[in-house]
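Q: Handing you a structure now.
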Amino acid sequence: MQPLPADKLPEVGVEKLRLIDSHCHLGAAVFDNDRQEVIARAHQSGIEQIVVIGAGQGIDGNYTALQLAEQQRGLHAAIGIHPHDADQWNEETRAKLFEMARTNSVVGYGEVGLDFHYNHSAVKNQRRAFSEQCEIAAQLKLPLIIHTRNAHKETLQVLQHYQKHIQEIGALLHCFSEGPGELQAYLELGMHVSFAGIVTFANATAVHQALQQVPASRLLLETDAPFLTPKPRRGFRNEPACLVWTAAAAAQLRSEDVTKICAETYANSVRFFQLPLP
Ligand SMILES: [Zn+2]
Ligand SMILES: [Zn+2]
């Protein structure tokens, strides 16, 4: 994945936007060569805070996320074992995650869930890792970050057992990629929903319709970087600064002013993850 050249970044308007990237894999190896520049560009584009997702590179990615969050203002960590890595879920990883969760920089648990599209891990291991990690999040009183792909019904069934946790602490369906029908079920459970660069894709009509139906108080925005680079920079590596394009597309789809959607999603992220106000 090729990094974005500096002249291809979003232009910062007169009215500077303030945003939170609620889901970014900033610890991924593709950022090893220029992570500090990426963070600096994020700040220049108004991305004031970033939730760094430790899940996605086994247990080790969680240590990287934690380290980043402890070293830098505006960065926070979410820890967990991704459904892709569910084959690695065992007593030892559980103990390590419990230990990590004691630090103040951990603001969420995830991403956890089910991915029956790729099936990088065995289905039975995905089920076990998901349920057991929902249990851990409930014990630790951490908001859940949920990943689901080709597994809507079963994800929902598992989450229904955690309705009390969802209502008291919270759960976020990240990178929403389904339609209005699926959306309603998550909203009824009391969940928050986060949208990524998919909203900038012209052919994503179901996602567009869902975005139009999310109540303003439940909406968050994310990059899911380095993946899902928004239009007009598909093909390049995604990074937090690109969240500006997603915010602009979301505002247009909801017929709202971009500053309004930024303020709303900022406040929602702060409340959901209990982030400090800068
Ligand atoms: Zn995901
Ligand atoms: Zn992710």
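Throughout, read-outs are computed from the coordinates displayed, never taken from laboratory work. Not measured: the values here are computed from a predicted model. All Cβ positions, glycine included, derive from the backbone under ideal geometry; neighbour counts span all protein chains shown.
Q: How much length is gained if the chain between residue 44 and residue 168 is pulled fully straight, taking 0.36 nm per residue apart and subtracting their Cα-Cα distance, in nm to one decimal?
A: Gain in length upon complete extension: 41.1 nm.
Q: Given the convex hull of the Cα atoms of region 18-273, what is a quarter of its surface area in nm²?
A: Orientation-averaged projected area of the Cα hull: 12.0 nm².
Q: At residue 277 and residue 140, where each label point lies 7 Å from the Cα along Cα→Cβ, what is the point-to-point distance in nanometres?
A: Going by the 7 Å Cα→Cβ label model, 2.7 nm.
Q: Using a Gaussian network for the chain with springs between C-alpha atoms less than 10 Å apart, which of these wobbles most: 29, 69, 251?
A: Highest fluctuation of the listed residues: 29.
Q: Just order 262-274, 219-231 by mean Cβ neighbour count inside 10 Å, highest at the front, would you?
A: Those peptides, ordered most packed to least, come out 219-231, 262-274.
Q: Calculate the translational D of region 1-145 in whole µm² s⁻¹ from Stokes-Einstein, where the hydrodynamic radius comes from the Kirkwood formula applied to all Cα pairs, the temperature is 37 °C and the viscosity 0.692 mPa s.
A: Translational D for this selection: 205 µm²/s.
Q: Pairs on different chains or at least eight residues apart, Cα atoms closer than 24 Å: how many lysine pairs in the chain fit?
A: 10
Q: In addition: Looking at region 70-179 from every direction and averaging, what is the projected area of its Cα convex hull in nm²?
A: Taking the Cα atoms of region 70-179, their convex hull projects to 7.3 nm² on average.
Q: Report the FRET efficiency, 1/(1 + (r/R0)^6), for residue 132 and residue 188, where r is their Cβ-Cβ distance and R0 is 22 Å, rounded to 0.05.
A: For residue 132 and residue 188, the calculated efficiency is 0.35.
Q: If you don't mind, another one. In whole Å, how far is the Cα centre of region 86-155 from that of region 261-278?
A: 24 Å
Q: In what order do 21, 85, 34, 7 fall by count of nearby beta-carbon atoms within 10 Å, going from fewest to most?
A: 7, 34, 85, 21
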